[in-house]
Amino acid sequence: MRNFHTFKNILLLSFCCLSLVACGNPPTEQTAESISPAPTAEGGFSQKIDGSGQIGDALPLKGKAFGELPVVGEEDPVYCNLPENVRGWDDIIPLCVDPLYGILYYMDYGGDYKLHAIYHGESQTVLDLPGKRLFCRGGKLYFLLESYNRLGFEGAESGNIAEYDPVTGEVRVLSDKTFSSIVVYQDMIYCRCEGEEKELGEGQGYIVEENFWFYFFDTGELVAGKTAGREYVMDFRCYGEYFLAATLKLADENPDYDILAGTELRKWDGERGTFWDDLKLKTFGRHYVKNGYFYWLDSKGFHQWDPVSGEDTVHPWKLGLPDQYILVGDWLFSAEHLLVNTEEGKVEKWIIADEKLQVIHEFYTDGEKIYAIVGLFDHEMEEGSVLRQIQIKKSEIRGYELLLEKIQK
């Protein structure tokens, strides 16, 4: 599936995190290719580069082997990470809970960039490989290799999909193709890769070509997504066996542009399901689907919408639209220093009890605790940001304080 993301003169502003269609190509047939795994011979497949540019020992294509692990829980039939952790193509997603074995995996963003696991309350390094976009399926960890401009790879590249088996410690690279992002589901991996920038013309901005692929676990095939033309833009969020999609129509004022007409369901191959012409998610890039409900935040409040009955429970929120928020229990946390008790409707303010780290870039949860990538004021996320666990403390004088703690190692 090929789409174009346009950075100027786009009317479909409400879908800022979707790929916007800027061409009307007719649908094309899917193409499939067999996965060509990277070699799994013993020895390293990547090399560490220190601050002086010296190449050190190769990073091994093998992780920690736990041996046989008892099954302590069940996986979700669709999702391979908590939906509230997966709300954008570009987020790091540095952690994931494996409900099957009761393991919390996390990548020490801003620290050693290695992959760690907390098992029975003890944290240990399981992989020396740096990565992002963590998902758990069938007792295995899936992620994208990512150099973070700190490591050079041999035999694999940034953007390769890796699979780690905690029982044997084996690491397998699923394909030699590279992707900019992935979302893992029980039946497939939804993959995105970005192409080259293309100029639209003088004063017209530029576009970035995006291609989407689907890796199927049952066949081991990687299949190109269908070209949607200007009919719809498919999201990566699932509702049952379907993905959400934005229904498009030509703008009356200018037929060169597409505008939002509603929301619909589509299968990976384009087969259409339900259509809701009255559901136009204005924050499509930051909504999620969980337990059969749609959740999103807009100017009316935080919504919990039942697509079967049409019932919409709205928790009032008239404090602007934060780009980053997360709901944990009854508390809705906003990166804009606000938190709301959704049951009581009570709004509180919070501050970060840290002299340097003052900006929250991304929120995450393991279902109980809150985590965040926090950084320096007036700096990009790549500059000095770290992954931290958040503890909340109520102060009589200062209101709520967010205490930042390193995840135990």
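Over all directions, the average projected area of the alpha-carbon convex hull for the range 147-190 comes to how many nm²?
4.0 nm²
Below 17 Å, Cα to Cα, which aspartates and glutamates can K64 reach? Residues fewer than 8 away in the same chain don't count.
List returned: E42, D98, D108, D112, E122, D128, E163, D165, E170.
5 Å is the cut-off here: which amide hydrogens, built 1.01 Å from N in the peptide plane, fall below it relative to F302, excluding neighbours closer than 5 in sequence?
HN-HN under 5 Å from F302: H315, W317.
Kindly count the pairs of lysines across the range 258-377 whose alpha carbons are less than 22 Å apart, treating pairs on different chains or eight or more residues apart as eligible.
17
Ranked highest first by the average count of other Cβ atoms within 10 Å around their residues, in what order do 395-408, 212-225 fall?
Ranking the peptides 395-408, 212-225 by packing returns 212-225, 395-408.
Values quoted throughout were computed directly from the atomic coordinates according to the rules given, and no laboratory measurement underlies them. Bear in mind the structure is a predicted one, so any value in this text is a computation, not a measurement. Positions of Cβ are generated from backbone atoms using ideal geometry, with glycine treated the same way; all protein chains shown enter the neighbour counts.
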